[in-house]
Amino acid sequence: MRRFKVAQVGVGARGQATLAAFQKYGDSVDITAICDTDKTYLQEAATQFHISACFSNVDDLIEHADFDVASVTTPTPVRQEVIQPFLEAGIHVLVDKPLAETLDHAKAIVACSEKNGRLVAVGQNFRYMSGFDSARRYLADRPLGTPRHLTHLLLGRRWDKGWRNDRVRRVMAIMSIHWLDGYRWMLNDMPETVYCQTSKSELIPGIGETHTSLIVKFGTGCVVTLTESFASHHRMSTSPVLDCDNGSLEITNAELRVYQDDVPEPVRRIPTDNVPKDVATYMCLADLLQAIDTDQVPPNSGQDNLRSVAIMEAAYRSATENRVVFWDELAVE
């Protein structure tokens, strides 16, 4: 694969972590410019990563910098207005998850991508960090029979600063989107219905939900249950457990554990890719670069990720309207 010139757009904490990840792969990535409206972040990143081409707005970056791909880690609410100028200028884009704050914004980004013949890929790094991609490959031939039910519980406490405290979408837009994408990717299936309830703790500053419980039923009949909290007084997490007709699969970062016949110990342990966060961050970019190089669609394309954003959208709609949301309502293939 040839070496690509990449501009990093958004160089706050997440952007600087992305820069650090990319700079380890100098054979395929050349960071040629950075952009941020915050001059303090811009100066910090320029000094830390030795980058001289610094821009405070997207228009100047596009006009004056030399790059093939824009890596976007801006706050989610401004994703659409940041990404579309790159696509219209003929530049491919990698965007941090979620693709956009709402399904309508995500659809607009994908439509712009298709209209201008440029690719959008999404940094769903938990596909590689949490064993979901390994589980997808293992489950492809249905070694355990038909998937029936997945259970996942995550309780903890999280304090956010800045723009996230002003958004009405919180837990699911920050973390659950990772799991929703992972379930869909692992099962290689499309949802049929989504039901969700949320609540807000006064303990945690901000206006968005701090607790969520949701149920997703997929087309083959598998029912997924996720409960996640940002305001629990008891920290406890379980790995996703997928119950199938002929066994159960526990998906951990390090390995897939196969259980059968009510035996307490796994009958088989299958190592996952088990990559750290910085490697997974680069892998999402590499998916895009490989697709550009071979004139293909990346596995983490915007078109693919619309489905993950749509599950999140359905969950928020369900919680707001107190009803089951049907997949057909979302108009996503």
**Item:** Distant-in-sequence amide H partners of Arg157 (H built 1.01 Å from N, under 5 Å)
**Value:** Ser232
**Message:** Using Cα springs under 10 Å in a Gaussian network model of the chain, which residue among Thr294, Thr76, Thr212 shows the largest mean-square fluctuation?
**Reply:** Thr294
**Message:** With +1 assigned to the C-beta of every Lys and Arg and -1 to the C-beta of every Asp and Glu, and no other charges, what is the dipole magnitude of the chain about the Cα centre in debye, to the nearest 20?
**Reply:** 680 debye
**Fill in**
Amide H contacts under 5 Å for Leu256, restricted to residues at least 5 apart in sequence or on another chain and with H modeled in the peptide plane, are Ile270, Thr272
**Message:** Given axes a ≥ b ≥ c from the Cα gyration tensor, I'd like to know whether the chain is rounded (a/c under 1.5), prolate (a/b larger than b/c) or oblate.
**Reply:** prolate
**Item:** the range 189-333 shape via C-alpha gyration tensor axes, a/c threshold 1.5
**Value:** rounded
**Request:** For Asp38, list long-range residues whose amide hydrogen, built 1.01 Å from N in the peptide plane, is under 5 Å from its own amide hydrogen.
**Result:** none
**Request:** Could you work out how far apart the two model spin labels at Thr47 and Val297 are, taking each label as a point 7 Å from the Cα in the direction of the beta carbon, and quote it in nm?
**Result:** 4.6 nm
**Model label zone, Thr220; criterion: amide N under 20 Å from point 7 Å along Cα-to-beta-carbon; scope the range 169-183** = 179-183
**Fill in**
Extend 7 Å from the Cα of Phe326 along its Cα-to-C-beta direction; within the range 177-217, residues with backbone N under 11 Å of that point are 193
**Label-zone membership for the range 142-160, site Arg268, 7 angstrom Cα→C-beta point, backbone N under 14 Å** = 142-146
**lysines whose Cα lies under 30 Å from that of Lys39, excluding same-chain neighbours fewer than 8 positions away** = Lys5, Lys24, Lys97, Lys161, Lys277
**Cα lying deepest toward the dipole's positive end in the chain, options Leu330, Phe132, Pro77, charges on Cβ** = Phe132
**Prompt:** For the chain, modelled as a Gaussian network with Cα springs under 10 Å, which listed residue fluctuates most, Val223, Val78, Val122?
**Reply:** Val78
**Request:** Would you order Lys97, Lys161 from fewest to most other beta-carbon atoms within 10 Å of each residue's own beta-carbon?
**Result:** Lys161, Lys97
**Message:** Whole-Hz ³J(HN,Hα) for each residue in the range 87-95, computed from phi via Karplus 6.51 cos²θ - 1.76 cosθ + 1.60 with θ = phi - 60°, x for glycine and proline: what do you get?
**Reply:** 4, 5, 8, x, 10, 6, 9, 9, 10
**Complete:** Counting Lys and Arg as +1 and Asp and Glu as -1 over every other residue whose Cβ sits under 11 Å from the Cβ of Met283, the net charge comes to -2
**Request:** Pull out a ≥ b ≥ c, the square roots of the eigenvalues of the alpha-carbon gyration tensor of the range 98-187, then state rounded if a/c is under 1.5, prolate if not and a/b is larger than b/c, and oblate in the remaining case.
**Result:** oblate
**Prompt:** With each label point set 7 Å from Cα along the Cα-Cβ vector, what nm distance links Arg3 and Thr238?
**Reply:** 5.0 nm
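No lab work stands behind these numbers, since they all come straight from the coordinates. Keep in mind it's a predicted model, so treat the numbers as computed, not measured. Backbone-built Cβ (ideal geometry, glycine too); neighbour counts: all protein chains shown.
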